[in-house]
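Q: The following block contains the structure, expressed as structure tokens.
The values are calculated or read from the model by the stated rules, or taken from the named source; none is laboratory data. Treat the numbers as computed from the prediction; the structure is a model and nothing was measured. Positions of Cβ are backbone-derived with ideal geometry, glycine not excepted, and every protein chain shown enters the neighbour counts.
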Amino acid sequence: MSLALAVRSQPTKMGFKMAVGSNESAKLRRERDLYLRLLELGKVDDVESLLRRALSLAIEITNAQQGYLELHDDDGTPRWHLAHGITDVELKDLQRAVSRGIIAEAIATGRTVSTASAFMDPRFEARDSVRLGHIEAVRCIPIGSAPPRGVLYLHAQDRPDFSTDAQASIEAFADNLAPLVDRVLTRVRDQEARDATSEARAKLRLDGIVGHSPALAHVLDQVALVAPLQVNVLLTGDSGTGKSQLARVIHDNGPRAAGSFVELNCAAIPEQLAENELFGASPGGHSEAKHGVKGKIEAASGGTLFLDEIGELALAVQAKLLQVLQSGEYLPLGSTQPAQADVRLIAATNGDLQAAVAAHTFREDLFYRLLVLPVRVPSLAERRSDITELASYFCRSACRKHHLPQLKMSPNALHAAESSEWPGNVRQLANAVEAAAIRAAGTGAEQVEVFHLFPDRPSESPEDGVPRTFQEATRRFQAEFVSKSLEENDWNVVATSRQLDVARSHIYNLIRIFGLQRRPDDSS
């Protein structure tokens, strides 16, 4: 805390007492009020509110008629600003003059620029921004140092207070505003890191797509590229990663969104029925087709056909599917007249189609027909920061589906979910959370706990102190490793993230997941 905000006192035999005198008392009251207002300002969590309340307080302290508060991003680029008592035209002129005017002086030197009349001040009188604006009493204070996090510009034409005490107060204000700015901007940066999908979400309809991780953002960027095009798409990735849901997103954001989305799991139909399911049959085409059978291609006409696990199709069916992609025509079973195939094909596989081609179980020509714009869907291990949000979403969904009380995941349950392995990916997590919600509701619990989510998991604190599972041992090692690194770096998260070569936001996640706390003797 700056000395300008400290309560001034003098020693006596009775201890300490406040300095007397009406001027000193008024000064102390102002400093006390400023201190209390800064404490209130410390509770603000968003940039807009911080700018508004900080600038209002600065105007009040200095009796300025005009004010401008500007905050910079990490690279020094002005990103946030707010003005008071300044017209739009004046604001544009002021911002244009930032690089060469009084504000630039304060930013460059890291010191307050103060003048009773910039228009008459030899330091600034020759500057266009000063002469054109007829700028008089100005005080410009950098926020923070090396380099400043921003700048506070105050302009007064009527009863400006340029006393030493007034300058000490506004500089103390700026000194104490700097860590508040750092805290809020760190929160903004971490949120932006977590919300890596914001750009894709602005472009796409993403109903039911949960998460904000960079891995999810990458796949959504690819979806935004392929969705508007009339091209076939091959989705690859492990089982349970959400390929079916992503296929629907591509359909919903494509030129055929008004048409049908028809799905067929190629692994779920016997080989002898696959042709009938896909191509349909004319009346009498086979023993079960007395009145004809409508195939999936016909059902998806004008829309999208999604073939999941396409690698499971028999070679004979693959040949006919290739004909559809090449000519846009196909023959229903028992028919001699070709039918038109007006569909967009999206295929998915969790296998290695290139290896299947080498093994002659998948047609090479069909493989390259599908491989126009492949999209790989990341595993849940690659988007671990999405797990808590997914678990909470699945919990709400399960409660709605089964008409259960609206339960929440406990913090410990969320931590356990995030630190556990999910080889079955999103599907496994969804099923586990659904079962956990049912167990919790069945016992009248108020929230889903770890033992509801992992009912067969042994205690993480066995009597002998030895972890009984690989996951427990890994979790304990990670917690101890991160904790040790934080202690070595005096709990400096930036230094720790550099040492461990991980993102700063991930360090914060690990602190939360493992419940790490700074030891009392570490803060001395």
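Q: What's the number of the only condition in (1) modelled with pLDDT of 95 or more; (2) assigned to a helix (DSSP H, G or I); (3) of a type outside the set (Ser, Thr, Tyr) that residue 383 fails to meet?
A: Every listed condition holds for residue 383 apart from (1).
Q: Quick one: which residue in 188, 210, 138 is closer than 30 Å to residue 380 by Cβ and at pLDDT below 80? Before you say what the answer is, go through the steps one by one.
A: Details: 210 fails: at pLDDT below 80; 138 fails: closer than 30 Å to residue 380 by Cβ.
Only one candidate qualifies: 188.
Q: Here is a follow-up. So if I check each of 246, 264, which one is crowded, with 17+ Cβ neighbours inside 10 Å, in contact with a Lys or Arg (Cβ under 6 Å, 6 or more places away or on another chain) and in the same structural domain as residue 303 (by TED's automatic domain parsing)?
A: Values: 246 fails: in contact with a Lys or Arg (Cβ under 6 Å, 6 or more places away or on another chain).
Just a single option satisfies the conditions, and that option is 264.
Q: While we're looking at this one, here's another question. Among the residues of region 226-243, is any touching a strand residue (DSSP E or B) at 6+ places or on another chain (Cβ under 9 Å) and surrounded by fewer than 18 Cβ atoms within 10 Å (Cβ to Cβ)?
A: Looking through region 226-243, at least one residue is touching a strand residue (DSSP E or B) at 6+ places or on another chain (Cβ under 9 Å) and surrounded by fewer than 18 Cβ atoms within 10 Å (Cβ to Cβ).
Q: With respect to residue 32, is the statement that it is in the same structural domain as residue 141 (by TED's automatic domain parsing), assigned to a loop (DSSP other than H, G, I, E, B) and at pLDDT below 75 true? Spell out the reasoning first.
A: Working: in the same structural domain as residue 141 (by TED's automatic domain parsing): yes; assigned to a loop (DSSP other than H, G, I, E, B): no; at pLDDT below 75: yes.
No.
Q: Quick one: in region 478-519, which of the residues that are under 23 Å from the mean Cα position of the chain (by Cα) and of a type in the set (Phe, Trp, Tyr) is modelled with the highest pLDDT?
A: Filtering first and then ranking leaves 508.
Q: Could you list all residues from region 70-102 that are surrounded by 15 or more Cβ atoms within 10 Å (Cβ to Cβ), modelled with pLDDT under 70 and assigned to a helix (DSSP H, G or I)?
A: Result: 93, 94, 95, 102.
Q: In this structure, is residue 412 assigned to a helix (DSSP H, G or I), free of Cβ contacts under 8 Å to residues at least 12 places away in the same chain, under 26 Å from residue 211 (Cβ atoms) and over 21 Å from the mean Cα position of the chain (by Cα)? Working first, answer last.
A: Numbers: assigned to a helix (DSSP H, G or I): yes; free of Cβ contacts under 8 Å to residues at least 12 places away in the same chain: no; under 26 Å from residue 211 (Cβ atoms): yes; over 21 Å from the mean Cα position of the chain (by Cα): yes.
The answer is no for residue 412.
Q: Here's a follow-up. For region 432-449, how many residues meet the condition of being free of Cβ contacts under 8 Å to residues at least 40 places away in the same chain and of a type outside the set (Asp, Glu)? Please lay out each step first, then the result.
A: Applying the first criterion (free of Cβ contacts under 8 Å to residues at least 40 places away in the same chain) to region 432-449 yields 432, 435, 439-440, 442-446, 449.
Then keep just the ones that are of a type outside the set (Asp, Glu); that gives 432, 435, 439-440, 442-445.
Within region 432-449, residues that are free of Cβ contacts under 8 Å to residues at least 40 places away in the same chain and of a type outside the set (Asp, Glu) number 8.
Q: Would you be able to say whether some residue in region 365-373 is among the hydroxyl-bearing types (Ser, Thr, Tyr), at pLDDT below 95 and surrounded by fewer than 16 Cβ atoms within 10 Å (Cβ to Cβ)?
A: yes
Q: Right, something else. Search region 386-409 for residues being out of contact with any Lys or Arg (no Cβ under 8 Å at 6 or more places or on another chain) and not in a helix (DSSP H, G or I), and hand back the single one that is surrounded by the most Cβ atoms within 10 Å (Cβ to Cβ).
A: Once the filter is applied, the top-ranked residue is 409.
Q: Condition test on residue 54, is it modelled with pLDDT of 75 or more, of a type in the set (A, V, I, L, M, F, W, C) and within 29 Å of residue 183 (Cα to Cα)?
A: Details: modelled with pLDDT of 75 or more: yes; of a type in the set (A, V, I, L, M, F, W, C): yes; within 29 Å of residue 183 (Cα to Cα): yes.
Considered against the rule, which asks whether it is modelled with pLDDT of 75 or more, of a type in the set (A, V, I, L, M, F, W, C) and within 29 Å of residue 183 (Cα to Cα), residue 54 comes out as yes.
Q: Additional query: If you go through region 489-516 one residue at a time, how many are more than 21 Å from residue 414 (Cα to Cα) and among the hydrophobic types (A, V, I, L, M, F, W, C)?
A: Filtering region 489-516 for residues more than 21 Å from residue 414 (Cα to Cα) gives 489-502.
Now restrict to residues that are among the hydrophobic types (A, V, I, L, M, F, W, C): 491, 493-495, 500, 502.
The total comes to 6.
Q: Another question about this same structure. What do you reckon, is residue 341 surrounded by 20 or more Cβ atoms within 10 Å (Cβ to Cβ) and among the small types (Gly, Ala, Ser)?
A: Details: surrounded by 20 or more Cβ atoms within 10 Å (Cβ to Cβ): yes; among the small types (Gly, Ala, Ser): yes.
Considered against the rule, which asks whether it is surrounded by 20 or more Cβ atoms within 10 Å (Cβ to Cβ) and among the small types (Gly, Ala, Ser), residue 341 comes out as yes.
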